[in-house]
Every structure is written in structure tokens, then in C-alpha cells.
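Have a look at the structure below before the remarks.
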């Protein structure tokens with residue numbers, strides 16, 4: 001079995017690159033990589049396009065080696081990866097929608113983000129006018145006696161992001177769920193092109209509101225890798241502090257919200273109060289409740305404010321006091337367990353196939369956490385566990401989040417006690433003519449990947465990949481054979497991002 | 001669970017004093033609200049939230065309005081599941097081209113009298129997404145807007161101020177009628 005290193009030796013190394021190599025390969029090596037993905041030897045981390053090139057980021061799960069392979073496609077075609085490895089399908093459809101490069105002999109050539117509303121096709125490739133009358137979107141078929149369809153969205157009944165779900169049900173049991181996304185596509189890849197780093201990080205921080213720190217963090221690290229810039233120690237620790245506060249707020253909110261979807265509102269109320277305490281501490285320490293625009297290339301834009309550390313410490317103490325009773329309540333409420341145990345089960349092989357990140361992967365036996373596996377600073381010097389379970393049901397995902405809350409509390413303690421003195425930001429050099437960088441950062445939902453190329457200090461191409469790309473399709477799988485009424489529980493326990501996915 | 005419930009009998013309530021309505025918001029509303037509002041609405045507003053393309057930041061803070069600190073229901077403000085039940089559409093995001101029709105249809109499904117509150121900087125003019133091929137721009141490009149609550153995202157208190165201003169105007173309207 002060839003290692004990723006062998007594969008990269010086959011290709012031609014390309015220009016400036018980040019901590020991992022990027023190599024230009026030919027179609028046969030590209031297809032070989034696809035078949036290795038299909039055989040489960042490597043994991044797909046990302047697949048994105050440019051005007052006449054496609055790029056694929058892959059990882060060897062055993063050794064945590066990462067490489068990007070790039071294939072020129074002058075005739076606007078490339079061999080389909082999705083044909084061998086289904087997790088690539090939606091990414092290929094997106095490459096086609098945005099750049100007009102088609103995946104040859106792909107089993108699914110339908111549009112994905114393009115709903116024929118942009119008045120232009122292939123907006124980032126060879127722009128042409130939109131079709132005057134596009135055919136309606138064709139959902140996949142489900143046939144059988146007594147099946148009925150339930151169409152939900154894009155405007156949902158709750159305060160959530162828009163997307164469309166097409167259920168086919170037999171009685172109460174879901175036979176097939178098909179998602180249609182792209183409603184919140186804002187064209188972030190397009191807006192990035194030609195932007196300065198300052199504007200780039202602003203856009204990155206608005207890709208998915210609940211992960212604003214994670215996105216700005218990943219973007220900034222990618223830019224710093226490209227520019228060969230080391231950020232000050234204090235900024236390294238403050239970034240991790242921000243990231244852990246964000247994780248804490250999201251997990252606390254979601255644990256309550258999952259219970260709320262089982263009509264257990266007491267948990268929701270109490271968890272909501274704890275979440276609010278984190279947001280307020282974030283606001284007190286960094287001037288913004290969601291801590292937006294704090295992480296920037298070169299460091300952080302704001303140091304922790306006067307009394308900020310004390311406010312955060314008081315918040316930690318309060319959570320330590322209140323949270324255990326809530327965990328016990330969750331564990332000891334039979335009606336709640338009845339809804340979460342054995343509901344929406346994601347099997348470990350499927351989680352592995354899709355390289356599912358975050359609590360979704362870790363609740364299904366995939367012990368991947370970029371803080372540990374890729375061990376970027378300061379996590380390489382902090383003590384924490386990566387909790388893993390194998391059950392893969394809603395209950396397991398709740399428990400992983402509970403454990404991660406505990407880990408984050410401990411991490412924040414360690415960071416506050418070791419916070420180095422000194423400057424918080426370095427000036428960002430303009431850099432040489434062409435620079436490239438890639439970074440992967442653990443957001444609360446999983447691994448956020450950012451790849452960018454700078455030309456004379458401006459962004460020539462930036463690709464951002466949300467962990468949801470590989471989690472959304474799994475939600476379609478886990479809902480099968482569950483009842484329609486359990487969909488909210490499955491959905492909330494995944495909590496995939498719409499905006500992060502749609503970009 | 002009994003212990004938690006029992007404790008909450010003795011614990012101080014978590015709510016804080018309501019913020020006073022924002023002056024600018026009141027001024028913006030003066031022109032927008034009719035005198036019949038109070039008669040029609042009473043002191044309650046049913047709100048349908050529509051994400052027309054936001055990054056989800058505004059939704060997070062709108063969610064917070066329902067937590068025990070802000071507890072909007074105590075002001076008679078209530079989030080409802082259907083536009084058919086709503087007096088107010090609370091719209092976030094730079095309206096994306098892919099969401100434009102859904103927003104229009106939601107607006108038309110909302111019975112009169114109705115108000116549209118645009119929440120967040122993107123909802124005013126597209127914010128940092130303005131100019132994208134995939135974005136229409138502010139909410140007012142698609143449906144008439146009565147009140148805009150700025151912020152990225154606005155904090156829950158700012159939203160509460162805006163919504164209270166909406167009710168206040170409705171009250172004054174009634175008093176002068």
C-alpha cells in the first residue's frame with residue numbers, strides 16, 4: 001500500500017505551500033487517489049475548484065499525513081471522485097456550479113448550490129447567462145405501496161436557517177430523506193477573490209455565525225502559513241481561549257436544544273442560562289458576545305479586557321456548580337432517554353467513510369480531533385482528553401458534548417493560568433508574489449479547513465470547507481427507519497451548518 | 001428533577017429590567033405604524049422569524065431572546081411557527097437570490113396588518129456580502145421594511161429595544177385615535 005508520501009513523489013511540487021505538500025498530478029494519479037479513498041485507506045478532507053484546476057485534500061488516517069493533489073483540466077473535465085467515493089459527490093456538483101468544470105461519468109450531475117436564480121452560470125469560471133427555463137429539480141425516487149412525501153422548508157417552523165428536506169415516509173417511518181441545500185449561498189468564494197486579508201478574515205468570520213472564531217482562526221492560520229509569520233505567544237493562547245469559549249457556548253446551547261426537541265424544556269431553560277453566561281463572559285472579556293472579529297491574521301485584534309479573566313473564571317465556577325445536576329437530570333429521565341437512545345444511529349464504518357469530524361464522528365468511533373491529531377499550538381502543550389463512543393445514536397452525541405464541555409472547562413483553566421505576557425499582534429508582511437497556505441482548525445462542529453493563495457498580499461483564491469459537508473449526507477442516512485417525529489432530535493444532535501455549507 | 005424545580009422556587013429570578021425603547025427606532029417607526037395598530041394587536045406581537053441568508057449569527061441572538069434572562073414572552077412577544085399566525089416578520093441576512101422567492105411568499109402568507117423588522121447589518125444593505133452575484137441585498141429590496149435593528153449581530157437587548165418600540169408605537173397610536 002503506497003503512503004501519501006509516495007503519492008506526492010509522483011507529482012510535481014507546487015510553489016509556496018503550507019505545512020503540507022501540494023503537488024500537481026496527472027489524471028491517472030488523481031483516479032488512483034480516488035480509489036484509495038474508496039477503499040478506506042485515506043480520508044477526503046476537501047475537494048475544490050479553480051478556473052481550470054481541481055484540488056483535493058486527503059489524509060492518511062493512520063499517520064495523520066496530509067497532502068493536496070491538483071489536477072489541471074484544460075478541457076473543463078476531470079475524472080469523477082464521487083463515482084468511487086460518494087462523499088465527494090456534493091463537492092463535485094458545487095465545483096460544476098461555480099466553475100463549470102464537470103466530473104466525468106459522475107453518477108449525480110444535478111446542480112447543487114445553483115438554483116438557477118443567480119442570472120449567471122459558473123460565476124467563478126467562464127460566466128455565461130443563466131438558462132431561461134431551467135428544468136425543475138429532480139428529487140431521487142422512492143417507490144412502493146403507501147409511501148407519501150413530506151416537503152419541509154426552506155422556511156422552517158423554528159428560528160433556524162433555511163434548507164429543504166424531502167421525506168418519503170411509510171406511515172410514520174422514514175424511508176428516504178433527501179436534502180436540498182444552497183438557499184443561503186452568498187458567494188463567499190467569489191467575494192474573497194481579490195480581497196485584502198482584512199476583508200478576507202471578516203468574510204471568513206461570517207461564514208457560519210456559531211463558528212465565527214473557528215473560521216477566523218483557520219483563515220488566519222492559513223494566511224500566516226502562507227506568509228511564514230509566527231504570531232506572538234499571548235495571541236496563540238488567546239485564540240485557543242476564544243475557541244474553547246465558542247465550543248462551550250455552542251455545546252451548552254445544543255444539549256438543551258436537543259432535549260427541547262424531545263419536549264423536555266426544563267433542560268433547555270437551564271442550559272440556555274449557562275450558554276448566556278458564556279456569551280456574557282465573552283462580551284465582557286473581548287467586547288463581543290460571539291467574539292466576532294477578534295482573531296485576525298497576525299494575532300488577535302483585542303487583548304482580554306480589564307477584569308475579563310475574572311469574569312471568565314466566575315463563569316467557569318458557575319458552570320461547574322450547575323452543570324453536573326443537569327447531566328444527572330439528562331441521565332435519569334426515562335422519557336428523555338426513550339427518545340435519544342438508539343435514535344438516529346450512525347454506524348462507525350459510515351462515519352469513517354465520510355471522515356465525519358467533530359462530535360458526530362467521535363460518537364461513532366472516529367477518534368479524530370484536529371487539536372490532538374494535528375496538535376497545533378497551544379494544544380500541543382495542554383492536557384485534554386478526546387472522548388470517543390461507538391454507539392453513534394443521539395444519546396452518544398449528547399454524551400460526547402457533555403464530556404467536551406468538561407474538557408473545555410479544564411482547557412480554559414489551563415489557558416488562563418498560563419497566559420503569557422507580551423504583544424497580541426504582529427504586523428502582517430505583504431509577502432512575495434505568490435504564497436499559499438492551508439490550515440485545519442477544530443471548530444465546535446468539527447474540522448474547518450481553509451486553503452488560500454495570495455498574490456502580492458491580496459487573496460487570489462480562498463476555499464473554505466465546513467465540517468458539515470461530510471456530515472449533512474450522514475443525516476440522510478441515520479434518519480432511515482426512524483419516525484418522522486424523531487427527525488428534530490437527529491437533526492439537532494448533528495446541528496450541521498447551513499450557511500457554512502452553502503457559503 | 002424535583003430538586004431542580006424545588007430550588008427554582010427559592011432562587012431569584014434571572015430576568016433584568018427591560019431596556020427602554022431606542023429613540024431612533026421609535027422615530028423610524030413613527031411613520032410606519034397606523035393608528036389602528038393597538039386596536040388590532042392589543043399588547044402582543046406574534047413574530048415569524050425568517051432567515052433569508054444570514055450567517056446564523058442573528059438567529060443565535062434571536063434565540064437568546066427566549067432564554068430566561070430576556071424572556072420575551074413576558075412582554076407579549078411570541079415566536080410562532082407559521083407566517084399565517086404572525087403580525088411581524090423578523091428577517092435576517094443579506095437576502096440571497098436563492099431565498100428571494102421564499103421570503104416573498106412568506107410575506108404574502110402573513111395576514112395584514114403586518115410589520116417587517118429587518119435584523120442585523122446584512123439585512124440593511126447586504127453588509128459585507130453586498131455586491132455578490134448570489135445576493136439581492138437588504139431586506140427592503142424584496143419586501144417593505146418598517147424597522148431596522150442594526151448590529152452584527154445585534155445583542156438581545158438591542159432587539160428587545162426595537163421590538164418594544166414597535167409595541168410602544170402601537171400603544172401611542174391607540175391613545176391618539
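Could you look through region A:152-174, keep only residues that are in contact with a strand residue (DSSP E or B) (Cβ under 7 Å, 6 or more places away or on another chain) and surrounded by fewer than 18 Cβ atoms within 10 Å (Cβ to Cβ), and pick out the one that is nearest to residue A:471 (Cα to Cα)?
Here the residue is A:152.
Pull out all pairs, ordered by first then second residue, where Cβ-Cβ is under 8 Å, the residues are six or more apart or on different chains, the first lies in region A:302-314 and is surrounded by fewer than 17 Cβ atoms within 10 Å (Cβ to Cβ), and the second is not in a helix (DSSP H, G or I).
Final answer for the pair search is A:305/A:287.
If residue A:293 passes every condition in (1) surrounded by fewer than 22 Cβ atoms within 10 Å (Cβ to Cβ); (2) away from chain B (no Cβ under 14 Å); (3) under 19 Å from residue A:450 (Cα atoms) but one, which one does it miss?
(2)
Which fully enclosed strands (runs of 3 or more DSSP E) of region B:112-153 have 2 or more residues being within 22 Å of residue A:192 (Cβ to Cβ) and within 13 Å of chain A (Cβ to nearest Cβ)? Reasoning before the result, please.
Working: elements: B:115-119, B:135-137, B:147-149.
By residue number, B:135-137.
Sort out for me the helices (runs of 4 or more DSSP H) sitting completely within region B:1-67 that have 1 or more residues that are within 14 Å of chain A (Cβ to nearest Cβ) and modelled with pLDDT of 80 or more. Outline the logic, then answer.
On the way: elements: B:2-10, B:23-30, B:37-41, B:57-64.
It comes to B:2-10, B:57-64.
Which condition does residue A:490 not pass, out of (1) assigned to a strand (DSSP E or B); (2) in contact with a helix residue (DSSP H, G or I) (Cβ under 7 Å, 6 or more places away or on another chain), if it passes all the others?
Condition not satisfied by residue A:490: (1).
Within region A:315-366, can you find the residues that are at positive phi and either buried (at least 16 other Cβ atoms within 10 Å of the Cβ) or within 14 Å of chain B (Cβ to nearest Cβ) (or both)? Write out each step before concluding.
Taking region A:315-366 first, the residues at positive phi are A:342, A:344, A:355, A:358, A:365.
A:344, A:355, A:358, A:365, listed by residue number.
Just checking, which of A:125, A:194 is in a loop (DSSP other than H, G, I, E, B), surrounded by 19 or more Cβ atoms within 10 Å (Cβ to Cβ) and within 14 Å of chain B (Cβ to nearest Cβ)? Write out each step before concluding.
On the way: A:194 fails: surrounded by 19 or more Cβ atoms within 10 Å (Cβ to Cβ).
Answer to the selection: A:125.
Report, by residue number, each residue of region B:104-117 that is within 26 Å of residue A:120 (Cα to Cα) and in contact with a strand residue (DSSP E or B) (Cβ under 6 Å, 6 or more places away or on another chain). Steps first, please.
Narrowing region B:104-117 to residues within 26 Å of residue A:120 (Cα to Cα): B:104-106.
The one that is within 26 Å of residue A:120 (Cα to Cα) and in contact with a strand residue (DSSP E or B) (Cβ under 6 Å, 6 or more places away or on another chain): B:106.
Would you please name the residue that is nearest to residue A:312 (Cα to Cα), looking only at residues in region A:236-266 that are over 21 Å from the mean Cα position of the chain (by Cα) and surrounded by 24 or more Cβ atoms within 10 Å (Cβ to Cβ)?
As a first pass, look at region A:236-266 and keep what is over 21 Å from the mean Cα position of the chain (by Cα): A:236-238, A:256, A:259-266.
Of the ones still in play, those that are also surrounded by 24 or more Cβ atoms within 10 Å (Cβ to Cβ) are A:238, A:256, A:259.
Details: A:238: 13, A:256: 21, A:259: 26 Å.
The residue in question is A:238.
When residues of region B:98-108 are filtered for being facing another protein chain (nearest Cβ under 9 Å) and touching a residue at least 12 places away in the same chain (Cβ under 8 Å), how many remain? Full working, then the answer.
Initial filter on region B:98-108 (facing another protein chain (nearest Cβ under 9 Å)): B:98-103, B:105-106.
Still in the list and also touching a residue at least 12 places away in the same chain (Cβ under 8 Å): B:98-100, B:102-103, B:106.
Summing the residues that are facing another protein chain (nearest Cβ under 9 Å) and touching a residue at least 12 places away in the same chain (Cβ under 8 Å) in region B:98-108 gives 6.
Given the criterion part of a helix (DSSP H, G or I), touching a helix residue (DSSP H, G or I) at 6+ places or on another chain (Cβ under 7 Å) and either in contact (Cβ under 8 Å) with a residue 60 or more places away in the chain or within 14 Å of chain B (Cβ to nearest Cβ) (or both), identify the matching residue among A:222, A:284, A:262. Spell out how you get there, then give the answer.
Values: A:222 fails: touching a helix residue (DSSP H, G or I) at 6+ places or on another chain (Cβ under 7 Å); A:262 fails: part of a helix (DSSP H, G or I).
Of the residues listed, the single one that is part of a helix (DSSP H, G or I), touching a helix residue (DSSP H, G or I) at 6+ places or on another chain (Cβ under 7 Å) and either in contact (Cβ under 8 Å) with a residue 60 or more places away in the chain or within 14 Å of chain B (Cβ to nearest Cβ) (or both) is A:284.
Restricting to region A:53-80, count the residues that are part of a loop (DSSP other than H, G, I, E, B) and at pLDDT 95 or above.
Restricting attention to region A:53-80, the residues satisfying the condition of being part of a loop (DSSP other than H, G, I, E, B) are A:61-64, A:73-76, A:80.
Pick out the ones that are also at pLDDT 95 or above and you get A:80.
Within region A:53-80, residues that are part of a loop (DSSP other than H, G, I, E, B) and at pLDDT 95 or above number 1.
Residue by residue, here is whether (1) over 19 Å from residue A:445 (Cβ atoms); (2) surrounded by fewer than 22 Cβ atoms within 10 Å (Cβ to Cβ) holds:
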{"site": "A:388", "(1), (2)": "no, yes"}
{"site": "A:392", "(1), (2)": "no, no"}
{"site": "A:398", "(1), (2)": "no, no"}
{"site": "A:402", "(1), (2)": "no, yes"}
{"site": "A:406", "(1), (2)": "no, yes"}
{"site": "A:413", "(1), (2)": "yes, yes"}
{"site": "A:417", "(1), (2)": "yes, yes"}
{"site": "A:420", "(1), (2)": "yes, yes"}
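Tally time: how many residues in region A:164-184 are within 14 Å of another protein chain (Cβ to nearest Cβ) and at positive phi?
1
Looking at (1) at the interface with chain B (Cβ under 9 Å from one of its Cβ atoms); (2) closer than 19 Å to residue A:444 by Cβ; (3) surrounded by fewer than 23 Cβ atoms within 10 Å (Cβ to Cβ), which one does residue A:272 not meet, given that it meets all the others?
Every listed condition holds for residue A:272 apart from (3).
Select from region B:144-159 the residues that are surrounded by fewer than 22 Cβ atoms within 10 Å (Cβ to Cβ) and more than 22 Å from residue A:292 (Cα to Cα) and list them in ascending order.
B:144, B:145, B:146
Mind telling me which of the residues A:98, A:113 ends up being within 14 Å of chain B (Cβ to nearest Cβ), over 23 Å from residue A:39 (Cβ atoms) and assigned to a loop (DSSP other than H, G, I, E, B)? Give the derivation first.
Working: A:98 fails: assigned to a loop (DSSP other than H, G, I, E, B).
Only one candidate passes the filter, namely A:113.
Anything in region A:132-151 that is more than 21 Å from residue A:162 (Cβ to Cβ) and either within 13 Å of chain B (Cβ to nearest Cβ) or exposed (fewer than 10 other Cβ atoms within 10 Å of the Cβ) (or both)? List them, or say none.
Correct list: A:132, A:133, A:135, A:141, A:143, A:144, A:145, A:146.
Of these, A:103, A:88, which one is under 26 Å from the mean Cα position of the chain (by Cα), away from chain B (no Cβ under 12 Å), buried (at least 20 other Cβ atoms within 10 Å of the Cβ) and part of a strand (DSSP E or B)?
Just a single option satisfies the conditions, and that option is A:103.
Looking at residue B:95, is it under 30 Å from residue A:127 (Cα atoms) and facing chain A (nearest Cβ under 7 Å)?
Values: under 30 Å from residue A:127 (Cα atoms): yes; facing chain A (nearest Cβ under 7 Å): no.
When the stated conditions are applied, residue B:95 does not pass them.
Mind telling me which of the residues A:485, A:477 ends up being over 26 Å from residue A:65 (Cβ atoms), at pLDDT 95 or above and outside any loop (DSSP other than H, G, I, E, B)?
A:477
Out of curiosity, is residue A:120 touching a strand residue (DSSP E or B) at 6+ places or on another chain (Cβ under 8 Å), free of Cβ contacts under 8 Å to residues at least 12 places away in the same chain and facing another protein chain (nearest Cβ under 10 Å)?
Values: touching a strand residue (DSSP E or B) at 6+ places or on another chain (Cβ under 8 Å): yes; free of Cβ contacts under 8 Å to residues at least 12 places away in the same chain: yes; facing another protein chain (nearest Cβ under 10 Å): yes.
Spelling it out, residue A:120 is indeed touching a strand residue (DSSP E or B) at 6+ places or on another chain (Cβ under 8 Å), free of Cβ contacts under 8 Å to residues at least 12 places away in the same chain and facing another protein chain (nearest Cβ under 10 Å).
Have a look at B:120, B:162 and point out the one that is buried (at least 22 other Cβ atoms within 10 Å of the Cβ), touching a strand residue (DSSP E or B) at 6+ places or on another chain (Cβ under 8 Å) and within 28 Å of residue A:187 (Cα to Cα).
On the way: B:162 fails: within 28 Å of residue A:187 (Cα to Cα).
Exactly one residue qualifies, and that residue is B:120.
The values are calculated or read from the model by the stated rules, or taken from the named source; none is laboratory data. Computed from a predicted model, the values in this text were never measured in an experiment. Every residue, glycine among them, receives a Cβ derived from its backbone with ideal geometry; neighbour counts consider all protein chains shown.
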